[in-house]
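Only one structure is covered here, and it is reproduced in the block below.
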Amino acid sequence: SACRLGRELTLLAAAAGSVPSPPYWVWWLGGHRMFFDAKLFTLSDTFPANVGVLEIEDKSAPDPISNGLRRQIDWNVSLISEESALAVEPVASSNSDLAAASFSANVNAPTISLDAIIGTRASLKKTGMSLERTHTC
C-alpha cells in the first residue's frame, strides 16, 4: 500500500541521515531487491559495486505498551561490499512476525510494486525545495 511505501521510505531516509556513507540501502519492493540512493533519492536495480550498500536485518516488533499500534525499531545494519554477499530475500526475524501477529498486525499485508512507485513518482510535482541535509558529529 502507499502507506507502507511511505513508512518504509521515511524510515530509510531517517536512518540515512545518521549513516551518510555509503548512500545506498537495500530496499525490498514487491519481492524485488532495489538499491535506494538516499543522497539522490533514487532507486536502481543495479548493485553499486564501487561503494557497496547497507542491508537491514529487521528485528522490529510491536510496542506492547501501545497495544500493537506502534513499533519498536530494532535494525542491525551491515555494509555489504559484494553483490554475492547480499541476502536472497528480506532479512527479518520470524520472531518479529510472530510478535506482530500476536497484536493483530497484518504481517501478510500486500507489498508495493515497482510499477506503483514509478507511477506515483511520475505524478509528483517539483517544489523547488532541496532535500539535502548537512550532517554534523
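Values as computed for the structure displayed
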{"item": "Scan of region 60-74 for residues that are assigned to a loop (DSSP other than H, G, I, E, B), hydrophobic (A, V, I, L, M, F, W, C) and surrounded by 12 or more Cβ atoms within 10 Å (Cβ to Cβ), ordered by number", "result": "ILE73"}
{"item": "Extreme residue, nearest to PRO22 (Cα to Cα), among residues of region 75-109 that are in contact with a Lys or Arg (Cβ under 8 Å, 6 or more places away or on another chain), modelled with pLDDT under 85 and in a loop (DSSP other than H, G, I, E, B)", "result": "SER93"}
{"item": "Selection from region 10-59 of residues that are touching a residue at least 12 places away in the same chain (Cβ under 8 Å), among the hydrophobic types (A, V, I, L, M, F, W, C) and part of a helix (DSSP H, G or I)", "result": "LEU11, LEU12, ALA13, ALA15, ALA16"}
{"item": "Matching residues, region 9-30, being open to solvent by 50 Å² or more (accessible area, probe 1.4 Å) and within 13 Å of the chain's Cα centre (by Cα)", "result": "THR10, LEU11, ALA14, TYR24, TRP28"}
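The values are calculated or read from the model by the stated rules, or taken from the named source; none is laboratory data. These numbers come from a predicted model, not from an experiment. Note that each Cβ is placed from the backbone with ideal geometry, even for glycine, and that neighbours are counted across all protein chains shown. Keep in mind that these areas ignore ligands, DNA and RNA; they rest on the heavy atoms of the full protein, side chains included. Shrake-Rupley method; radii C 1.70, N 1.55, O 1.52, S 1.80 Å.
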